[in-house]
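Undergrad: Quick one: this structure, given as structure tokens, is what I'll be asking you about.
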Amino acid sequence: MKRIDLTQCKSDLHFPVTRAIPTVIEENPFTRIWNFATYRRKFKIQEDYVLWVPSIAKWIFIPAFFIFDGASVPKILNNLYSPTGMLLLGAAPHDFGYRYKGLLYVDYLGNLEFKTHTKDELDEIFNNLCAYESGMPKASKVATYTLTAFGFLGWNENRKNECSLQEDFPEVFVPEEVDLYEKPPKDSATAK
């Protein structure tokens, strides 16, 4: 499995390097209006993301090219809670955990280990990250109550999709010394 050099990681809370995925403009004006009212922009993590989580005293790893949608805040509440505001730090690990039913942790030697989590455990990690980053634990708790009440929709959707971490990110499961893109040497018998 891939190894992580923790000496290169930031121990302070920092956001992943992301790129917004462009929206598709629909021909139908009614669909365009519906999308304007309901669409949630998606973000792609551009490079491997390692985050120290103080509340559990562990490093979390999210591979590059993971796509998430920020915090799933209903549009009507965006003035109170922005999906890309104080909740964004907890959103990437939370979405990753919901999708794969667990998180990748980095031990002190840089080894990755996958640990399964329940929905409630992931919701609590989200709450702790958001409260720590924002300095507003009560506001984060309100967002977590909403997540506890309605998060089962996303949790169940991901269970139906049967996402596989090994299929989605095979490079994580190959040792660093193996080059996935190296061409195999030509066999002299088949080189004719």
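Undergrad: Do we have Trp59 as touching a helix residue (DSSP H, G or I) at 6+ places or on another chain (Cβ under 8 Å) and surrounded by 13 or more Cβ atoms within 10 Å (Cβ to Cβ) here? Show your work before the answer.
TA: Working: touching a helix residue (DSSP H, G or I) at 6+ places or on another chain (Cβ under 8 Å): yes; surrounded by 13 or more Cβ atoms within 10 Å (Cβ to Cβ): yes.
Answer is yes for this residue.
Undergrad: Looking at the stretch 16-35, which of its residues are more than 30 Å from Val174 (Cβ to Cβ) and not in a helix (DSSP H, G or I)?
TA: Passing the criteria: Pro22, Thr23, Val24, Ile25, Glu26, Glu27, Asn28.
Undergrad: Shifting gears a bit: Please tell me if Trp59 is assigned to a strand (DSSP E or B) and without any contact (Cβ under 8 Å) to a residue 60 or more places away in the chain. Write out each step before concluding.
TA: On the way: assigned to a strand (DSSP E or B): yes; without any contact (Cβ under 8 Å) to a residue 60 or more places away in the chain: yes.
Judged against the criteria, Trp59 is a match.
Undergrad: I'm trying to understand the selection: among the residues of the stretch 36-50, which are modelled with pLDDT under 80 and either in a loop (DSSP other than H, G, I, E, B) or surrounded by 13 or more Cβ atoms within 10 Å (Cβ to Cβ) (or both)?
TA: Tyr39, Arg40
Undergrad: Right, next: Among the candidates Ala131, Ala139, Ala143, Ala149, single out the residue that is in contact with a helix residue (DSSP H, G or I) (Cβ under 6 Å, 6 or more places away or on another chain), in a helix (DSSP H, G or I) and modelled with pLDDT under 90.
TA: Working: Ala139 fails: in contact with a helix residue (DSSP H, G or I) (Cβ under 6 Å, 6 or more places away or on another chain); Ala143 fails: in contact with a helix residue (DSSP H, G or I) (Cβ under 6 Å, 6 or more places away or on another chain); Ala149 fails: in contact with a helix residue (DSSP H, G or I) (Cβ under 6 Å, 6 or more places away or on another chain).
After ruling out the rest, the residue left standing is Ala131.
Undergrad: Please verify whether Lys160 is at pLDDT 85 or above, at positive phi and not acidic (Asp, Glu), treating the condition exactly as stated.
TA: no
Undergrad: Out of the residues in the stretch 148-165 that are of a type in the set (A, V, I, L, M) and free of Cβ contacts under 8 Å to residues at least 60 places away in the same chain, state the one that is farthest from Arg99 (Cα to Cα).
TA: So, considering only residues that are of a type in the set (A, V, I, L, M) and free of Cβ contacts under 8 Å to residues at least 60 places away in the same chain, the one farthest from Arg99 (Cα to Cα) is Ala149.
Undergrad: Determine the pairs where a residue that is within 19 Å of Leu87 (Cβ to Cβ), located within the stretch 15-39, has a partner that is part of a helix (DSSP H, G or I) and not aliphatic (A, V, I, L, M) with Cβ atoms under 7 Å apart, the partner being 6 or more residues away or on another chain.
TA: Matching pairs, first to second residue: Thr38/Lys75.
Undergrad: Determine which single condition Asn78 fails, assuming it passes every other condition in (1) at pLDDT below 85; (2) surrounded by 15 or more Cβ atoms within 10 Å (Cβ to Cβ).
TA: Here Asn78 clears every test but (2).
Undergrad: Related question: Kindly indicate whether any position in the stretch 1-15 is farther than 21 Å from Phe173 by Cα, modelled with pLDDT of 85 or more and surrounded by 12 or more Cβ atoms within 10 Å (Cβ to Cβ).
TA: No, the stretch 1-15 has no match at all.
Undergrad: State yes or no: is Leu180 touching a helix residue (DSSP H, G or I) at 6+ places or on another chain (Cβ under 9 Å), within 19 Å of Ile125 (Cβ to Cβ) and either in a helix (DSSP H, G or I) or at pLDDT below 65 (or both)?
TA: Criteria not met by Leu180.
Undergrad: Residue by residue through the stretch 119-161, note down the ones that are over 16 Å from Asp95 (Cβ atoms) and crowded, with 19+ Cβ neighbours inside 10 Å.
TA: Ala131, Ser140 - these are the residues of the stretch 119-161 that are over 16 Å from Asp95 (Cβ atoms) and crowded, with 19+ Cβ neighbours inside 10 Å.
Undergrad: Tell me yes or no: at least one residue of the stretch 88-96 is at pLDDT below 80, under 28 Å from Met136 (Cα atoms), in contact with a Ser or Thr (Cβ under 9 Å, 6 or more places away or on another chain) and not acidic (Asp, Glu). Can you show your working first?
TA: Narrowing the stretch 88-96 to residues at pLDDT below 80: 88.
Applying the additional criterion that residues be under 28 Å from Met136 (Cα atoms) yields 88.
Those left that are additionally in contact with a Ser or Thr (Cβ under 9 Å, 6 or more places away or on another chain): 88.
Now restrict to residues that are not acidic (Asp, Glu): 88.
Yes; the residues of the stretch 88-96 include at least one that is at pLDDT below 80, under 28 Å from Met136 (Cα atoms), in contact with a Ser or Thr (Cβ under 9 Å, 6 or more places away or on another chain) and not acidic (Asp, Glu).
The values are calculated or read from the model by the stated rules, or taken from the named source; none is laboratory data. Fair warning: this is a prediction, and the values are worked out from it, not measured in the lab. Positions of Cβ are generated from backbone atoms using ideal geometry, with glycine treated the same way; all protein chains shown enter the neighbour counts.
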